[in-house]
Amino acid sequence: MGKKEKNNEQPQEARLGRLKNGNPPCAIWLLPKCQATAKHSGERCKLPAMKGKKVCYIHGGKSPGAPKGNQNSLKHGRRSRAAIERRQKLQRLIKKARELFDGVK
Ligand SMILES: [Zn+2]
């Protein structure tokens, strides 16, 4: 057998203590997980997210992101914030009109 057997003698809480280098202990299973999803398998990333970020270092946690107002990937603006708000406003108006029309019937 080449595989190492898991040491299940001690519970995980009991193993929490100062690390050999003096750093405080870190329960990695309690950290927030990366929210990225793999394209090929559809599974969620299992790495912990970076501090103050939603994703791990592999999935863009190191990147500060595009600057505000960046238009480099803008193609038609259908999914821009202004267009989405305009559609939602129109949908609310249509819903109100339908309710009003149903009340008249
Ligand atoms: Zn990730």
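Just so it is clear, none of the values below were taken in a lab; they were calculated from the coordinates. Model, not experiment: these values are computed from the prediction. Cβ atoms come from the backbone with ideal geometry, glycine included; neighbour counts cover every protein chain shown.
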TODO: Would you point out which residue out of Gly103, Gly42, Gly69 is within 15 Å of the ligand (Cβ to nearest atom) and either in contact (Cβ under 8 Å) with a residue 40 or more places away in the chain or exposed (fewer than 10 other Cβ atoms within 10 Å of the Cβ) (or both)?
DONE: Gly42
Open item on the list: Can you find, within the range 45-55, the residue that is nearest to the ligand (Cβ to nearest atom) among those that are touching a residue at least 12 places away in the same chain (Cβ under 8 Å) and surrounded by 15 or more Cβ atoms within 10 Å (Cβ to Cβ)?
Closed with: Cys45
